[in-house]
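Notes for the one structure printed next.
The values are calculated or read from the model by the stated rules, or taken from the named source; none is laboratory data. Values in this document were obtained by computation on a predicted structure and should not be read as measured data. Don't worry about glycine lacking a Cβ; one is built from the backbone with ideal geometry, like all the others, and counts go over all protein chains shown. Calculation scope for accessible area: heavy atoms of the full protein, side chains included, ligands and nucleic acids excluded. Shrake-Rupley method; radii C 1.70, N 1.55, O 1.52, S 1.80 Å.
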Amino acid sequence: MPDEKILELFSVANALSLSALLVATLLSVTIYRRLADFVARKLPKWRFQILGSVPILRLIAWLLATLIAVFGVLKPPQESLIAVAASLGLALGLAIQDIVKNVLAGIVMIFQRPLTVGDMVSAGGHYGEVVGMDLMAIRLRTFDDSIVTIPNALACQEALLNSNSGSVHELVKVEFTVLGDVDVAQVTRLASEAAACSPYVFLKSPIFVIVEDRTERRRATRFTVKAYVIDVRLERAMATDVFTRITRTVALPDTLVMDVA
Amino acid sequence: MPSRKSRHFNALWSRVRGLVGAEVTPVSEDVALEAAALPSYEELQTGCAELPAQYADLFLRERSGPEVSIKLQQSNLKTLDDALLAWLGGMPTTLALIGPSGSGLGSTLAAFATDVESRGLRATTVVPQARVDSAAALIAQLVDALSLPPAIASLDELVDELVRDQQRVVLIEDAQRWFVRRMGVRAALATLVELILRTRRRCLWVVSAGSLAWSRLDALGGLSSVMSEVIECETPDADELRAIVLTRHSLSGLELHVAGGPDKPPLLPPTPEYEKALAEYFSKLHTLCGGHPTTAIYYWRMSVEASESDQALMLTRCPRLVLGDIGSIATLPRLILAELSVHGGLVIDYVADIFPVSTDEARQYLERLRRSGLVERDDDGEYTLNPLVGPHVYPALSRAHLLY
């Protein structure tokens, strides 16, 4: 009888099996995440690859667990499966479409990889380090040390800026404007050397200084120093350090306007 | 520092090895040493009163040991000789000799200088006396080191003098001790590069620098672009290290026995067990000191004891260095460690300028590092990375991207 078969789905044995499966999956995912955290701390050079594997493995683990639960434990009758799938489809279509959007966007992001854990990104109007990503959302730690959760669907819809794309080095711009007449060549040279003296700057990559005329009512020259930081986590420290050096060597502080991008 | 967990783990591991019957070679019984508790060379000297006095003298840090042939050093000397011949043949030649601490940069340069002089040529070794942060400061030091008229103050005058003067080989030892990461250093580096380019027909320039510093100097001043060849030196391998230590030991005229473990007789030469124990010891010693001969000699001194026989000494065990987690040190002190590793030593004012922090803060950071045994301070107030822990600190800093 179909009713009996459906009742069997909710048997004690099945409940125990499902609980065991749930616990095993949770445990596996947690152990892998902690192991990845540990290894990433020990090998910071490879932290992007190591931490980036966590969401993929989590997705695979939960997909596997779902398949085992449905086809290995519950084994529902075909007609029930179709009925449940149809009901679920309707429910998804109506009630939880936002969640579905996020999950689908999460799956796309996991495999397309526009970002990975450890990247410095700008998404949803926030800029910070990606500290976590799952099927629903990405989490950023901003420079204010706040955690911002951005739904995957939103991150997918909007332009997403990734400053380092899985690399530990990141191009940091330090912009400043000098008002009044200025010896451009000298300021360029000093700004470049000031950046080279910063212990946060990765010297194996080139340092550029871009100069633009920004004269409006008053003569103004905009300088943009571009240099790579040794580790994305030190981005702001480098920008501050380079600017401090520039103000010490290039011009009087009140003629400078700083803008770190 | 050895954590309680790691001590328990080691004890447990030993017990497991004992239970499964694994043979425990006596020299593998490690003695864990904390970096902060390492005795100085002088303390080690006075603390080994039971050793014959002449033996302790053989292992003084300052004492140069007997000549031991290092394969790579011979090959590097051959390269230098070939370059010398090419230069004498009229080819503009400039060489860089780079390598980690303990790779014999100084001794290779000294051997080459002797070789040059034996050919009747003039060789001048330039040892940086102070940091330079301008072209003028560099020129002043070069003029002094090359014994040129002190009135020379500009690059053009220096070039003219060197071109007018007789041919000479100029050996710059530890160039990184000139250039520190502060404003003005690029001008000084550019001056050196131009000087080399304009005089390389008349002077054979050989510039030696630490490997880590070289990549920085190259990035800052493009030094490698003017080099005909960059010769890379390496520290001795385990066999060469064994030859260095045992050749020095042999001067004492004493035999060397290896402790056989509790209630066991010592291992004597020339048995296979003795050879195996020695090979295991030197393999461990090589890992411990990163191939640095002076550091190896330090740890060797810790490993030998007086034996019952007047004619022999006992090799007991290879120490094991236990360092705290370098990764857990705050960012700024770790950056200071990295800069010390690259620059080869810095005084407080330079550390304050590089980071930039106040001199008081710089002193506090440096002293904290010194108390942890990672850094040492000399009589002139210069802080350097403790060479005894260097081989363990460099990889940690490199993994954190602070050394590249």
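So which of A:I31, A:I56, A:I68, A:I107 is touching a Leu at 6+ places or on another chain (Cβ under 8 Å), in a helix (DSSP H, G or I), more than 14 Å from chain B (Cβ to nearest Cβ) and under 29 Å from A:R233 (Cα atoms)?
The match here is A:I107.
Does B:A209 meet the test of being within 14 Å of chain A (Cβ to nearest Cβ) and out of contact with any Ser or Thr (no Cβ under 9 Å at 6 or more places or on another chain)?
When the stated conditions are applied, B:A209 does not pass them.
Pick from B:L146, B:L197, B:L158, B:L192: which is closer than 25 Å to B:G90 by Cβ, out of contact with any strand residue (DSSP E or B) (no Cβ under 9 Å at 6 or more places or on another chain) and more than 14 Å from chain A (Cβ to nearest Cβ)?
Being closer than 25 Å to B:G90 by Cβ, out of contact with any strand residue (DSSP E or B) (no Cβ under 9 Å at 6 or more places or on another chain) and more than 14 Å from chain A (Cβ to nearest Cβ) holds for just one of B:L146, B:L197, B:L158, B:L192, which is B:L158.
Among B:R216, B:R186, B:R202, B:R182, which is the only one that is more than 14 Å from chain A (Cβ to nearest Cβ) and among the charged types (D, E, K, R)?
B:R202
Among the residues of the stretch A:99-129, write down those that are open to solvent by 50 Å² or more (accessible area, probe 1.4 Å) and over 19 Å from A:L59 (Cβ atoms).
Across the stretch A:99-129, the qualifying residues are A:G125, A:H126, A:Y127.
In the stretch B:245-279, which residues are surrounded by 14 or more Cβ atoms within 10 Å (Cβ to Cβ) and basic (K, R)?
Result: B:R248, B:K276.
Cβ-Cβ distance below 6 Å, separation of 6 or more or different chains: which pairs start in the stretch A:177-189 with a residue that is assigned by TED's automatic domain parsing to the domain that holds A:F223 and end on one that is in a helix (DSSP H, G or I)?
Qualifying pairs under 6 Å: A:V178/A:T255; A:L179/A:T255.
Report the residue count in the stretch A:36-58 for those that are closer than 22 Å to A:D231 by Cα and either modelled with pLDDT of 80 or more or of a type in the set (D, E, K, R) (or both).
Qualifying residue count, the stretch A:36-58: 13.
If you go through the stretch B:137-174, how many residues are hydrophobic (A, V, I, L, M, F, W, C) and touching a residue at least 24 places away in the same chain (Cβ under 8 Å)?
Number of matching residues: 14.
Conditions: (1) open to solvent by 40 Å² or more (accessible area, probe 1.4 Å); (2) within 17 Å of the chain's Cα centre (by Cα); (3) within 12 Å of chain A (Cβ to nearest Cβ). B:A338 meets all but one. Number of the miss?
It fails just one condition, (1).
From the list A:R189, A:R233, A:R219, A:R248, exactly one residue is over 26 Å from the mean Cα position of the chain (by Cα) and over 25 Å from B:V185 (Cβ atoms). Which is it?
After applying the criteria, what remains is A:R219.
If B:P128 passes every condition in (1) in a helix (DSSP H, G or I); (2) at pLDDT below 95; (3) in contact with a helix residue (DSSP H, G or I) (Cβ under 7 Å, 6 or more places away or on another chain) but one, which one does it miss?
Condition (1) is where B:P128 drops out.
When the stretch B:386-404 is examined, which residues are found to be at the interface with another protein chain (Cβ under 10 Å from one of its Cβ atoms) and among the hydrophobic types (A, V, I, L, M, F, W, C)?
Once the filter is applied, which keeps residues that are at the interface with another protein chain (Cβ under 10 Å from one of its Cβ atoms) and among the hydrophobic types (A, V, I, L, M, F, W, C), the stretch B:386-404 yields B:A396, B:A400, B:L402, B:L403.
Tell me yes or no: at least one residue of the stretch A:130-140 is within 21 Å of A:I230 (Cβ to Cβ) and either in contact with a strand residue (DSSP E or B) (Cβ under 9 Å, 6 or more places away or on another chain) or not assigned by TED's automatic domain parsing to the domain that holds A:V54 (or both).
Yes - at least one qualifying residue is present in the stretch A:130-140.
Working only within the stretch A:193-215, note down all residues that are within 8 Å of another protein chain (Cβ to nearest Cβ) and under 16 Å from B:A187 (Cα atoms).
Selection gives A:E193, A:A194, A:A196, A:C197.
Quick check on the stretch B:269-296: of everything there that is part of a loop (DSSP other than H, G, I, E, B) and in contact (Cβ under 8 Å) with a residue 12 or more places away in the chain, which residue is nearest to B:S107 (Cα to Cα)?
That would be B:H292.
Of (1) buried (at least 18 other Cβ atoms within 10 Å of the Cβ); (2) hydrophobic (A, V, I, L, M, F, W, C); (3) within 14 Å of another protein chain (Cβ to nearest Cβ); (4) assigned to a loop (DSSP other than H, G, I, E, B), B:V357 satisfies all except one. Which?
(1)
Which members of the stretch B:374-396 meet the condition of being in contact (Cβ under 8 Å) with a residue 60 or more places away in the chain and more than 17 Å from the chain's Cα centre (by Cα)?
Selection gives B:A396 alone.
May I ask you to list the residues in the stretch B:161-179 that are among the β-branched types (V, I, T) and either within 14 Å of another protein chain (Cβ to nearest Cβ) or over 31 Å from the mean Cα position of the chain (by Cα) (or both)?
Within the stretch B:161-179, B:V163 is the sole residue that qualifies.
Taking the conditions exactly as written (buried (at least 18 other Cβ atoms within 10 Å of the Cβ), under 27 Å from B:M183 (Cα atoms) and over 23 Å from the mean Cα position of the chain (by Cα)), does B:I329 satisfy them or not?
In short, no.
Determine whether A:D119 is in contact (Cβ under 8 Å) with a residue 12 or more places away in the chain, within 14 Å of chain B (Cβ to nearest Cβ) and out of contact with any Cys (no Cβ under 9 Å at 6 or more places or on another chain).
Answer is no for this residue.
Those residues that are open to solvent by 60 Å² or more (accessible area, probe 1.4 Å) and either in contact (Cβ under 8 Å) with a residue 12 or more places away in the chain or of a type in the set (V, I, T) (or both), I need them from the stretch A:130-151; list them, please.
Hits for the stretch A:130-151 are A:M136, A:R141, A:F143, A:I147, A:T149.
Looking at the stretch A:219-234, which of the residues that are open to solvent by 10 Å² or more (accessible area, probe 1.4 Å) and in contact with a strand residue (DSSP E or B) (Cβ under 6 Å, 6 or more places away or on another chain) is nearest to the other protein chains (Cβ to nearest Cβ)?
A:Y228
Do you know which residues across the stretch A:156-190 are within 11 Å of chain B (Cβ to nearest Cβ) and assigned to a helix (DSSP H, G or I)?
Within the stretch A:156-190, A:R189, A:L190 meet the criteria.
So A:W46 clears everything in (1) within 21 Å of A:N152 (Cβ to Cβ); (2) within 14 Å of chain B (Cβ to nearest Cβ); (3) aromatic (F, W, Y) except one condition, right? Which one?
Result: A:W46 passes all but (1).
Among (1) touching a residue at least 12 places away in the same chain (Cβ under 8 Å); (2) in a helix (DSSP H, G or I); (3) away from chain B (no Cβ under 14 Å), which single condition is A:G93 missing?
So A:G93 meets the others, but not (1).
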